[in-house]
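A.B. asks: Pasting a structure below so you can have a look.
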Amino acid sequence: MKIFNFSAGPACLPSDVLKAASKASLDYNNSGISLMEMSHRSIDVMNLFDEATKRVKELLNLPSNYHPLWLQGGASSQFSMVPLNLLPIDGVADYIETGSWSTKAIKECRLVGDVNISGTSKETNFNHIPKNLSQNQNSSYLHITSNNTIYGTQFQKFPIPLKTESYLVADMSSDIFSRKFDVSKFGLIYAGAQKNMGPAGVTLVIIRDDLVGLNHRKLHTMLNYETHVEKKSMFNTPPVFSVFVVNETLKWLEKNGGLMKIEKANIQKAQKLYNEIDSNEHFYCPVEKEDRSYMNVPFVFSNSNNNDADFLSFCDKRGLKTLKGHRSVGGFRASIYNAMPESGVDALIDTIKEYSKKI
Ligand SMILES: Cc1ncc(COP(=O)(O)O)c(C=O)c1O
């Protein structure tokens with residue numbers, strides 16, 4: 001039976017990528033040595049990092065003044081590194097609160113300086129993206145979470161910071177490489193790899209050159225972006241294997257037509273699924289239509305007498321795995337990142353239809 005993994009992250013990866021990873025774990029580049037045993041100072045590994053960095057630049061069409069970095073500590077470490085590096089002493093930053101991850105980013109920023117919540121959808125359990133923003137005149141940057149993995153909302157249009165010298169900072173952990181966007185609107189982008197890029201263990205940070213080395217405060221070496229720009233992400237032992245898998249995933253993306261093609265496919269997959277949920281009397285999606293995510297689709301039973309566990313077991317028996325919704329929303333969540341084929345979404349739609357007949 002074909003298995004489809006709808007996990008929100010770590011998430012499914014293309015099978016070609018998994019095959020390349022299993023080969024590299026035994027014998028990298030016909031060297032007779034596993035990639036996991038190789039020094040990060042070896043030519044092979046340095047070439048790998050150069051290749052992965054080049055792919056990020058090409059796929060995202062990065063202007064020349066942006067540095068891709070391969071860091072550790074997850075997107076969660078970026079919640080701290082961003083304000084530590086970018087926020088002046090006595091400065092203020094705007095944050096849009098759109099769910100648990102942005103709330104965590106806000107908490108860390110508050111340990112460093114002042115936060116202005118310029119918009120929040122907390123009062124409606126984060127079922128939409130706030131539109132009427134009240135930004136602070138003195139804010140250094142405006143932080144957003146471009147896709148809200150738990151609540152299934154996504155910025156379909158990015159907000160514009162109030163001042164021209166201000167810039168967007170985005171946590172793109174769950175939608176990077178899923179669609180085309182203009183990087184030049186952003187001062188900094190960060191994303192944990194484990195949804196659309198590869199396995200956990202590496203975080204991609206893309207920082208604009210003029211934001212490197214601002215020196216607002218004394219920073220520990222590892223927490224300073226300047227260290228990682230200067231040392232090309234090799235200040236300490238980097239997560240080589242994770243970067244390898246990311247490089248393979250980006251290769252796969254390139255081979256499949258890049259961002260324009262994947263964006264079209266992602267929209268098609270999501271629209272099909274939303275159409276089924278919207279037209280099925282037994283289920284509904286709690287997210288406002290215009291803000292729905294193309295990556296994470298939450299849905300719940302219309303009638304609370306129905307049994308979530310029974311539906312999950314029905315799906316499981318048909319090879320549809322990890323569909324349980326996050327506890328903050330309940331019900332179900334289908335994460336349909338780049339690597340989820342349309343046939344997986346079709347199988348889910350068929351299963352929803354089949355189950356609906358027996359309710
Ligand atoms: C949008 C978003 N931001 C941040 C995180 C946290 O990432 P990490 O576990 O890499 O710290 C997640 C994890 O699911 C996420 O979905």
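The values are calculated or read from the model by the stated rules, or taken from the named source; none is laboratory data. From a predicted model like this one, the values you see are computed outputs, not experimental measurements. When we count neighbours, we look across all protein chains shown, and the Cβ atoms used for this are built from the backbone with ideal geometry, even at glycine.
A.B. asks: On the given criteria, is Ile89 more than 30 Å from Asn132 (Cβ to Cβ), over 15 Å from the mean Cα position of the chain (by Cα) and aliphatic (A, V, I, L, M)?
C.D. replies: Values: more than 30 Å from Asn132 (Cβ to Cβ): yes; over 15 Å from the mean Cα position of the chain (by Cα): yes; aliphatic (A, V, I, L, M): yes.
Here the answer is yes, as Ile89 does meet what is asked.
A.B. asks: So which residues in the range 111-134 are within 23 Å of the chain's Cα centre (by Cα) and of a type in the set (D, E, K, R), if there are any at all?
C.D. replies: Hits for the range 111-134 are Lys122, Lys131.
A.B. asks: Still on this structure, please answer the following. Quick one: in the range 128-154, which of the residues that are under 23 Å from Asn85 (Cβ atoms) and either touching a His at 6+ places or on another chain (Cβ under 8 Å) or assigned to a loop (DSSP other than H, G, I, E, B) (or both) is nearest to the ligand (Cβ to nearest atom)?
C.D. replies: Result: Ser146.
A.B. asks: Which count do you get for residues in the range 188-210 that are near the ligand (Cβ under 9 Å from one of its atoms) and either in contact with a His (Cβ under 6 Å, 6 or more places away or on another chain) or in a strand (DSSP E or B) (or both)?
C.D. replies: Total satisfying the criteria: 4.
A.B. asks: Follow-up question, since we're still on this one. What residue, of Lys185, Lys180, Lys163, Lys157, is more than 24 Å from Ser293 (Cβ to Cβ), charged (D, E, K, R) and either more than 16 Å from the ligand (Cβ to nearest atom) or in contact with a helix residue (DSSP H, G or I) (Cβ under 6 Å, 6 or more places away or on another chain) (or both)?
C.D. replies: Numbers: Lys185 fails: more than 24 Å from Ser293 (Cβ to Cβ); Lys180 fails: more than 24 Å from Ser293 (Cβ to Cβ); Lys157 fails: more than 24 Å from Ser293 (Cβ to Cβ).
So the residue among Lys185, Lys180, Lys163, Lys157 that is more than 24 Å from Ser293 (Cβ to Cβ), charged (D, E, K, R) and either more than 16 Å from the ligand (Cβ to nearest atom) or in contact with a helix residue (DSSP H, G or I) (Cβ under 6 Å, 6 or more places away or on another chain) (or both) is Lys163.
A.B. asks: Would you be able to tell me the number of residues in the range 63-95 that are away from the ligand (no atom under 13 Å from the Cβ), among the aliphatic types (A, V, I, L, M) and within 30 Å of Gln137 (Cβ to Cβ)?
C.D. replies: Selection size over the range 63-95: 6.
A.B. asks: Same structure, new question: If we keep just the residues of the range 230-242 that are over 21 Å from the mean Cα position of the chain (by Cα) and closer than 27 Å to Ala24 by Cα, which is surrounded by the fewest Cβ atoms within 10 Å (Cβ to Cβ)?
C.D. replies: Thr237
A.B. asks: Regarding Asn296, is this residue under 12 Å from Ile336 (Cβ atoms) and outside the structural domain of Lys157 (by TED's automatic domain parsing)?
C.D. replies: Numbers: under 12 Å from Ile336 (Cβ atoms): yes; outside the structural domain of Lys157 (by TED's automatic domain parsing): yes.
Answer is yes for this residue.
A.B. asks: Let me ask another. Keeping to the range 165-180, report how many residues are in contact (Cβ under 8 Å) with a residue 40 or more places away in the chain, out of contact with any Leu (no Cβ under 7 Å at 6 or more places or on another chain) and surrounded by fewer than 24 Cβ atoms within 10 Å (Cβ to Cβ).
C.D. replies: Residues flagged as in contact (Cβ under 8 Å) with a residue 40 or more places away in the chain, out of contact with any Leu (no Cβ under 7 Å at 6 or more places or on another chain) and surrounded by fewer than 24 Cβ atoms within 10 Å (Cβ to Cβ) within the range 165-180 amount to 1.
A.B. asks: Separate question: Considering only the range 109-135, how many residues are surrounded by fewer than 19 Cβ atoms within 10 Å (Cβ to Cβ) and β-branched (Val, Ile, Thr)?
C.D. replies: Of the residues in the range 109-135, 3 are surrounded by fewer than 19 Cβ atoms within 10 Å (Cβ to Cβ) and β-branched (Val, Ile, Thr).
A.B. asks: List the pairs whose first member sits in the range 55-84 and is closer than 14 Å to Glu108 by Cα, whose second member is within 12 Å of the ligand (Cβ to nearest atom) and among the acidic types (Asp, Glu), and whose Cβ atoms are under 6 Å apart, counting only residues at least 6 apart or on separate chains?
C.D. replies: Ala75/Asp171; Phe79/Glu108; Ser80/Glu108
A.B. asks: Using beta carbons and a limit of 6 Å, which pairs, at least six apart or on different chains, have the first residue in the range 93-110 and touching a residue at least 40 places away in the same chain (Cβ under 8 Å) and the second one near the ligand (Cβ under 9 Å from one of its atoms) and outside any helix (DSSP H, G or I)?
C.D. replies: That search, which allows pairs on different chains as well, returns Thr98/Thr145; Thr98/Asn148; Gly99/Asn148; Gly99/Ile150; Ser100/Ile150; Trp101/Thr145; Ser102/Thr145.
A.B. asks: Taking into account only those residues within the range 274-326 that are in a helix (DSSP H, G or I) and among the aliphatic types (A, V, I, L, M), which is farthest from Thr351 (Cα to Cα)?
C.D. replies: Of everything passing the filter in the range 274-326, Ala309 is farthest from Thr351 (Cα to Cα).
A.B. asks: Can you tell me which of (1) within 16 Å of the ligand (Cβ to nearest atom); (2) free of Cβ contacts under 8 Å to residues at least 60 places away in the same chain is the one Thr227 doesn't meet?
C.D. replies: So Thr227 meets the others, but not (1).
A.B. asks: When you look at Leu250, is it surrounded by 19 or more Cβ atoms within 10 Å (Cβ to Cβ), assigned by TED's automatic domain parsing to the domain that holds Lys54, over 30 Å from Asn125 (Cα atoms) and aliphatic (A, V, I, L, M), yes or no?
C.D. replies: For Leu250, the condition - surrounded by 19 or more Cβ atoms within 10 Å (Cβ to Cβ), assigned by TED's automatic domain parsing to the domain that holds Lys54, over 30 Å from Asn125 (Cα atoms) and aliphatic (A, V, I, L, M) - is met.
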